[in-house]
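Below: one structure, written as structure tokens.
The values are calculated or read from the model by the stated rules, or taken from the named source; none is laboratory data. Just so we're clear, the structure is a prediction, and the values are computed from it rather than from any experiment. Neighbour counts run over all protein chains shown; Cβ positions are idealised from the backbone, glycine included.
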Amino acid sequence: MIRLMIPQEKERFTSSPVRCFEKYLSKLNPKLEALWQRPLESFQETSDIWYCAAPIWNDA
């Protein structure tokens, strides 16, 4: 007998590359327009912002 495994709703949401990127964008710090920002040292999963107002690189 062959069984098809259907992922749970939560698994489908978290495994979608588009949804992961949308979540990333939603957690960026609005004080900085850079796409790639430094992560905060600590944050809660439910926090609105996961990144500080500093880019990953320094163009100085």
So, in segment 19-44, how many residues would count as being part of a loop (DSSP other than H, G, I, E, B) and at pLDDT below 90?
1
List pairs: first in segment 24-41 and at negative phi, second basic (Lys, Arg) and not in a loop (DSSP other than H, G, I, E, B), Cβ under 8 Å, 6+ apart or cross-chain?
none
Go through segment 34-60 and report how many residues are touching a strand residue (DSSP E or B) at 6+ places or on another chain (Cβ under 7 Å) and exposed (fewer than 10 other Cβ atoms within 10 Å of the Cβ).
0
